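A short write-up of the structure that comes next.
The values are calculated or read from the model by the stated rules, or taken from the named source; none is laboratory data. In this text, all values refer to a predicted model and were calculated from it rather than measured experimentally. FYI the Cβ positions are ideal-geometry reconstructions off the backbone, even for glycines, and counts take in every protein chain you see. Accessible surface areas use protein heavy atoms only, side chains included; no ligands, DNA or RNA. Shrake-Rupley method; radii C 1.70, N 1.55, O 1.52, S 1.80 Å.
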Amino acid sequence: MDFGSQIKKLRTSRKLTQEQLAQKLNVSRQTISSWENNRNLPDLEMVVMIAKTFQLSLDRLILGDPTMTTKLMNDSSEVRKMRINLYATIIMILTGIGCFLLSTMIGSTIDSNGVLHEPFFLIPIGYLFLLMGLISGFIYLFRKLRKQS
């Protein structure tokens, strides 16, 4: 039996609607439907919540289909990679903005010998971090959209 069929069987045996189960798990009804139709699978944290909700052991819930365990582990790994990518994107964009702000705050000065002192290196570093952040953000969005379809 596949995971979707198991979820549907457990839900219907307890006379729960998709909406009721969704409320217990704090997800949308569409999410429950996509699990039951095998369009998507829950991540490992959600599988634990499902097992607790139905008062089942994890092995009884997921080991009925050996490919299910492998897929859940791979999906969990993908979620972790996407989360790291999102954090890296945010950090790079904030670092780029910080470089511009720091350059503005430091400003330019001319010493007594007429030599100009300014943090010119912060501007290209700021652009570099912004560009890397934008590229990383597009990669994150592309992967997220690809995963949803």
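Can you name the number of the only condition in (1) more than 30 Å from Asp43 (Cβ to Cβ); (2) open to solvent by 60 Å² or more (accessible area, probe 1.4 Å) that Lys147 fails?
Result: Lys147 fails condition (1) only.
Quick check: is even one residue across the range 52-61 at pLDDT below 85, charged (D, E, K, R) and exposed (fewer than 14 other Cβ atoms within 10 Å of the Cβ)?
Yes: the range 52-61 contains one or more residues that are at pLDDT below 85, charged (D, E, K, R) and exposed (fewer than 14 other Cβ atoms within 10 Å of the Cβ).
Which residues, taken from the range 115-144, are farther than 28 Å from Leu41 by Cα and in contact (Cβ under 8 Å) with a residue 40 or more places away in the chain?
Met132, Gly133, Leu134
Answer yes or no as to whether Gly114 is surrounded by fewer than 17 Cβ atoms within 10 Å (Cβ to Cβ) and outside any helix (DSSP H, G or I).
yes
Considering only residues that are surrounded by 14 or more Cβ atoms within 10 Å (Cβ to Cβ) and in a loop (DSSP other than H, G, I, E, B), look in the range 4-37 and name the one that is nearest to the chain's Cα centre (by Cα).
Val27
Return the residue satisfying two criteria in turn: it lies in the range 70-103 and is surrounded by fewer than 15 Cβ atoms within 10 Å (Cβ to Cβ) and either hydroxyl-bearing (Ser, Thr, Tyr) or on the phi > 0 side of the Ramachandran plot (or both), and of such residues it is modelled with the highest pLDDT.
Tyr87
Assess whether Arg146 counts as being farther than 30 Å from Lys9 by Cβ and modelled with pLDDT under 90.
In short, yes.
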